[in-house]
Amino acid sequence: MTSGELEAIEIDLLLEAVFRRYGYDFRSYARASVVRRLRLLLEQSGIASVGELIPKLLHEPAFFQELLFAFSITVSGMFRDPEFFRSLRENVVPLLKTYPFIRVWVAGCACGEEAYSLAILLKEEGLAAHSTIYATDINDQALAVAKEGIYPLRQVREYTENYQKSGPHDSFSRYYHASHDHIVMNRELKKSITFANHNLVSDHVFAEMHLILCRNVMIYFDRELKDRVLRLLDSSLIRGGFLCLGTKESLRFSCGDGRHDEIDSKNRIYRKRVLEAGEGRTR
Amino acid sequence: MKKYRAVVAGCSAGGMQAVATLLAQLGTSFRLPLIIVQHLHREQGEYLFRFYSSSTHLKVQEASEREKILPGNVYVAPPDYHLLIEHDETFSLSVEEKVNFCRPSIDVLFESAADVYGPALAGVVLTGANSDGALGLKRIKDCGGLTLVQRPETAQFPEMPRSALLCVHADQVLTIEEIGRFLMTLKPEAAY
Ligand SMILES: C[S@@+](CC[C@H](N)C(=O)[O-])C[C@H]1O[C@@H](n2cnc3c(N)ncnc32)[C@H](O)[C@@H]1O
């Protein structure tokens, strides 16, 4: 048996142990990335093999937190993919304005960058008073950062450039104040977002959303899990609601299924049909 | 004779010309997938495919997630995502931290490709002004794969091939044209 095959067995056992001990199910995550994260964790903790991680994980909840952190890749940014945010303004906001009140869900919000970007966008579009933003993740450490709304100052240049490309009505510096080496997002923005722990693999649907962003989260899931999570997102949307994925994500459940229209294929914005195919006729 | 299932290649500064030269050597009888990580600016993407397609008859495309990797195709990693390979020979993408200040990183691709293809993999390091790819090439070698490095004196930016050579005792150190011709001689596995 090759060392790679051995490692594969060890990883299966580890994921099983994590699931049964802590209830977090990473068994259906894309393997290549899991392998990479585990190897990095081994390097950092000076442990020789994946197998040796297992007893440590079973007996030390604090170590499990490290694993959880290593597995959930929280890399994000404000107005990442500015073109996507521009498209939201142009193609989605006008329709959102037709509702008296809208509910928005950012699923897999990492440290909150995307949720704040959206809060800024909704404010500029005059929707702030008529909307609630829910932002969820499985990573409590990331959620804590998100609630604080504190980001490193060195990121601001990139955030500002992105913001400027997103078709803004104002200037990014209006939304935070800087101190020392970090920025703090305005209190008003913070108040507009509810951050909470939610696991897309094992938790329930969120009801009646008008807009859902789930970007660069399902790229870490295998096909089956991705399909399952897509169904969960879909049942959380109202008819006519919008679903947005990462710019390199393929929508396998498909637009050809008669349930969704493509609003902007390049920026991966989809709309759940108001009527399903054939439904109009039966009524 | 040893059989192959895939070729992975990495380049950075000077990469456009280098890849075009490499592709020009590959005829339509090339029956392996060629998977490339090239450090690019986001905007360079679209122009790149047109440019590459003009140097080869092989199909050149951006690698997309969950796509099945097929022989005779040339895949380029999308900008700003790491490109990995799954055991069912499909691509997956990741936005995790930069590696060697790069995303996509050559090391990330090479390491995951070595896991999947083992000895049936060939890895190529071309021109570049950093040391990405060196550790990945070492992993390919450790898994029994074939390692090729552009002769540093002939590279527009020699640092990347040089770093790779410091890390790995490469099987072949050649000019780009020679690498291309060499790749043409690799025997694909029967299943292809
Ligand atoms: C790469 S970040 C994406 C951040 C942001 N959406 C973006 O595109 O910039 C992926 C996030 O998904 C979260 N995540 C992973 N598995 C999850 C799950 N089962 N349920 C909810 N969130 C999850 C991770 O903790 C991480 O914060």
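Give me the residue from segment A:193-218 that is within 14 Å of another protein chain (Cβ to nearest Cβ) and within 8 Å of the ligand (Cβ to nearest atom) and, out of that set, farthest from B:L93 (Cα to Cα). In this case the residue turns out to be A:C214.
Name every residue in segment B:56-75 that is of a type in the set (A, V, I, L, M) and within 13 Å of chain A (Cβ to nearest Cβ), in order of residue number. Listed by number, the residues that qualify are B:A63, B:I69. Out of segment B:105-115, which residues are touching a Ser or Thr at 6+ places or on another chain (Cβ under 9 Å) and more than 9 Å from every other protein chain (Cβ to nearest Cβ)? Correct list: B:I106 only.
The strands (runs of 3 or more DSSP E) found wholly in segment B:39-123 and carrying at least 2 residues that are surrounded by fewer than 17 Cβ atoms within 10 Å (Cβ to Cβ) occupy B:59-62. Just one of the listed residues (A:L53, A:L15, A:L41) is of a type in the set (A, V, I, L, M) and either in a loop (DSSP other than H, G, I, E, B) or more than 16 Å from the ligand (Cβ to nearest atom) (or both), namely A:L53. Can we say A:S166 is assigned to a loop (DSSP other than H, G, I, E, B) and not assigned by TED's automatic domain parsing to the domain that holds A:L243? No. Of everything in segment A:117-140 that is in contact (Cβ under 8 Å) with a residue 40 or more places away in the chain, in a helix (DSSP H, G or I) and open to solvent by 20 Å² or more (accessible area, probe 1.4 Å), the residue that is nearest to the ligand (Cβ to nearest atom) is A:D140.
Listed here are the residues, each with its yes/no results for (1) closer than 22 Å to B:G118 by Cβ; (2) touching a residue at least 60 places away in the same chain (Cβ under 8 Å); (3) among the charged types (D, E, K, R); (4) touching a Pro at 6+ places or on another chain (Cβ under 7 Å).
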site	(1), (2), (3), (4)
A:L6	yes, no, no, no
A:D25	no, yes, yes, no
A:Y29	no, yes, no, no
A:R36	yes, no, yes, no
A:S49	yes, no, no, no
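If you go through segment A:240-262 and pick out every residue that is modelled with pLDDT under 95 and in a strand (DSSP E or B), you end up with 3. Just to be sure, is A:L225 in contact (Cβ under 8 Å) with a residue 40 or more places away in the chain and within 14 Å of chain B (Cβ to nearest Cβ)? Here the answer is yes, as A:L225 does meet what is asked. Whether any residue in segment A:141-150 is more than 11 Å from the ligand (Cβ to nearest atom), open to solvent by 50 Å² or more (accessible area, probe 1.4 Å) and farther than 18 Å from A:H182 by Cβ is what I want to check. No - not one qualifying residue is present in segment A:141-150.
With respect to (1) more than 9 Å from chain A (Cβ to nearest Cβ); (2) free of Cβ contacts under 8 Å to residues at least 40 places away in the same chain; (3) over 16 Å from the mean Cα position of the chain (by Cα), the lone exception for B:S94 is condition (1). Being within 14 Å of chain A (Cβ to nearest Cβ) and small (G, A, S) is a property that holds for B:A120.
Selection over segment A:93-111 of residues that are within 26 Å of A:V145 (Cβ to Cβ) and assigned to a loop (DSSP other than H, G, I, E, B) gives a count of 4.
Residues A:L13, A:L42: which one is over 27 Å from B:K98 (Cα atoms) and either at pLDDT 95 or above or within 14 Å of another protein chain (Cβ to nearest Cβ) (or both)? Within the list A:L13, A:L42, the selection yields A:L13. For segment A:2-16, the count of residues that are under 25 Å from the mean Cα position of the chain (by Cα) and either farther than 21 Å from B:S92 by Cβ or surrounded by fewer than 18 Cβ atoms within 10 Å (Cβ to Cβ) (or both) is at least one. Does A:D181 qualify as being within 12 Å of the ligand (Cβ to nearest atom) and open to solvent by 70 Å² or more (accessible area, probe 1.4 Å)? Taking the combined requirement at face value, the residue does not satisfy it. Considering A:E114, A:E83, A:E90, the condition of being away from the ligand (no atom under 16 Å from the Cβ), closer than 19 Å to A:G246 by Cα, assigned to a helix (DSSP H, G or I) and at pLDDT 95 or above is satisfied by A:E90 alone. Scanning segment A:80-98 turns up no residue that is touching a helix residue (DSSP H, G or I) at 6+ places or on another chain (Cβ under 7 Å), more than 14 Å from chain B (Cβ to nearest Cβ) and farther than 30 Å from A:S171 by Cβ. Inspect all residues belonging to segment A:60-67 and state whether any of them is within 24 Å of B:L84 (Cα to Cα) and within 14 Å of chain B (Cβ to nearest Cβ). No, segment A:60-67 contains no residue that is within 24 Å of B:L84 (Cα to Cα) and within 14 Å of chain B (Cβ to nearest Cβ).
For A:L57, state whether it is open to solvent by less than 20 Å² (accessible area, probe 1.4 Å) and on the phi < 0 side of the Ramachandran plot. So A:L57 fits the description; yes. If the condition is being under 30 Å from A:S173 (Cβ atoms) and open to solvent by 50 Å² or more (accessible area, probe 1.4 Å), then segment A:184-240 contributes A:R187, A:E188, A:K190, A:K191, A:T194.
The values are calculated or read from the model by the stated rules, or taken from the named source; none is laboratory data. Note that the structure is predicted; figures quoted are calculated from it, not measured. So basically every Cβ, Gly included, is an ideal-geometry build from the backbone, and we count neighbours across all protein chains shown. Accessible surface areas use protein heavy atoms only, side chains included; no ligands, DNA or RNA. Shrake-Rupley method; radii C 1.70, N 1.55, O 1.52, S 1.80 Å.
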